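Have a look at the structure below before the remarks.
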Ligand code: MG
């Protein structure tokens with residue numbers, strides 16, 4: 001993914017995907033709302049057809065809606081043109097397997113090898129695939145979601161909701177979802193526009209000031225926003241508080257474990273301790289993984305987890321599908337509210353009071369590995385008897401005060417630092433002191449490089 005994703009790159013990469021999936025059509029092609037997405041989607045569809053595969057174009061839809069339709073359309077795979085929450089000049093390709101999950105690592109490696117070998121399958125005129133358009137994918141997805149929740153219980157409550165689509169891929173789906181669940185909805189930025197005129201596509205607190213303000217002004221029950229490809233949903237409670245992703249993750253985890261009568265929840269090492277704490281009384285246990293939704297969804301499949309997700313607003317409801325899904329999360333939060341007599345703020349305030357602090361630290365990509373090797377030595381001093389070190393992804397150190405995690409970003413030249421404690425001052429202190437020590441390591445490595 002990067003600012004230089006052009007027509008030639010898409011042709012070459014899609015040819016490589018076609019080579020690996022020869023004879024495994026039809027292929028679904030869908031896109032987000034970026035300015036380059038529809039053109040690149042057409043190029044992808046044309047390239048696949050020229051490689052002998054039948055293609056079903058589903059148009060601009062949330063990534064989870066495209067994933068859902070891969071199985072419904074009995075497709076062999078899908079190509080999604082999206083750069084999620086990134087700035088408008090970015091774009092990317094996401095490969096989805098026949099089961100609706102992201103390509104497995106072996107398939108990814110095969111595609112990379114075919115790309116490096118410049119494989120460009122050519123077919124005779126009578127072997128070229130045909131391209132059809134499916135206009136029912138959004139309906140199918142929305143019907144699938146509403147079938148997962150208690151529609152009449154939600155509709156009876158007549159919820160007032162402010163929805164911020166961020167000019168992204170959810171514009172054609174989430175407003176309809178709320179209408180079908182009987183909500184009175186006010187929308188913000190609900191026209192698809194790849195220039196993201198409303199605000200930047202990442203649903204951070206700083207980008208959602210209008211949403212916060214609208215929720216309070218309209219007296220709404222809550223506000224919700226999606227990122228650009230709507231695999232995430234973030235929430236604002238009726239008091240106008242932006243809710244950190246781990247709060248909604250804990251709320252949903254508890255509900256899913258409670259209704260399933262126990263079970264496993266899969267989440268990365270970056271997640272709050274509150275997830276494990278709130279599911280324990282209902283017989284739930286957490287399985288921690290490395291960071292990244294493909295890792296989480298595969299682990300959920302293998303362990304038959306009842307719920308999973310990340311602390312950034314990406315929740316996964318496996319009874320619906322093994323994909324991060326913003327609209328499904330929205331429907332579930334409505335159901336949780338409908339089953340309770342309490343406002344969202346009260347449900348959030350009942351959760352264990354953990355504070356998760358997230359920081360980032362620039363680090364040249366070339367130095368990331370070297371630093372990673374030196375991290376455990378940072379935590380040798382000053383340990384109390386309860387210190388535990390986990391190296392599942394980066395280095396996570398837990399002691400009696402809380403935990404801190406240091407891990408290199410997989411996509412950017414930086415280190416991410418997470419710290420969590422029950423006391424916000426302790427969490428800040430853990431993050432700051434760790435940040436200083438890692439900064440020292442990076443400085444030392446840069447000067448000797
Ligand atoms: Mg996304």
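A short reminder: the numbers here are calculations on the coordinates, not readings from a lab. This one's a predicted model, so the numbers in the text were calculated from it and none came from an experiment. Every residue, glycine as well, gets a Cβ built from its backbone with ideal geometry; the counts of neighbours run over all protein chains shown.
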Tensor-based shape of the stretch 136-254 (alpha-carbon gyration tensor, a/c under 1.5 rounded, otherwise prolate or oblate): rounded
If neighbour count is taken as other Cβ atoms inside 10 Å, put 180, 174, 377, 137 in order from fewest to most. 377, 180, 137, 174
Could you tell me the center-to-center distance, by alpha carbons, between the stretch 9-84 and the stretch 417-434 in angstrom? 43 Å
Mean Cβ-within-10 Å packing, highest first, puts peptides 53-66, 311-324, 428-441 in the order 53-66, 311-324, 428-441
Could you grab the relative contact order for the stretch 260-363? Cα pairs under 8 Å, six or more apart, rounded to a whole percent. 24 percent
Highest GNM mean-square fluctuation, the chain, Cα pairs closer than 10 Å: which of 154, 371, 17? 371
So how far apart, in nm, are the two label points at residue 365 and residue 195 if each is 7 Å from Cα heading toward Cβ? 3.1 nm
Could you give the nm distance between label points at residue 437 and residue 259, where each point is 7 Å from its Cα heading toward the beta carbon? 4.3 nm
When you count, for each residue, the other Cβ atoms within 10 Å and take the mean per peptide, how do 35-42, 328-335 rank with the highest first? 328-335, 35-42
For the chain, set up a Gaussian network in which alpha carbons nearer than 10 Å are linked by springs, and say which option among 133, 79, 14 fluctuates the most. 133
Rounded to 5, percent antiparallel among DSSP beta bridges of the chain: 55 percent
Per residue Cα convex hull volume for the stretch 1-157, in cubic angstrom? 120 Å³
Relative contact order of the chain, pairs being alpha-carbon contacts under 8 Å that are 6 or more residues apart, as %: 12 percent
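For residue 54 and residue 109, compute 0.36 nm times the residue count separating them, minus their Cα-Cα distance, and round to one decimal in nm. Display every interim value, and only then the final one.
On the way: separation 55, 0.36 × 55 = 19.80 nm, distance 2.36 nm.
Residue separation times 0.36 nm, minus the Cα-Cα distance, leaves 17.4 nm.
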Given the DSSP H assignment, sum -39500 (n - 2.57) over each helix run of at least 4 residues in the chain and divide by its residue total; what's the result at 222 nm in deg cm²/dmol, nearest 500? -12000 deg cm²/dmol
Anyone know which of 49, 124, 346 comes out most mobile in the 10 Å Cα GNM of the chain? 124
Check: C-alpha center the stretch 183-214 vs C-alpha center the stretch 266-291, spacing in Å is 30 Å
What nm value, rounded to one decimal, do you get for the distance between residue 423 and residue 8 when each label is placed 7 Å out toward the C-beta? 6.0 nm
Which FRET efficiency value, to the nearest 0.05, is calculated for residue 342 and residue 143 with the Förster distance at 25 angstrom and r the Cβ-Cβ distance? 0.25
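Sort 229-242, 274-287 by the packing proxy (mean of other Cβ within 10 Å over each peptide's residues), most packed first. Walk me through the numbers before you get to the answer.
Details: 229-242: 24.4, 274-287: 18.6.
Per-residue mean Cβ counts within 10 Å order the peptides as 229-242, 274-287.
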Stretched fully, the stretch from residue 127 through residue 99 gains (0.36 nm per residue minus C-alpha distance, one decimal, in nm) 7.5 nm
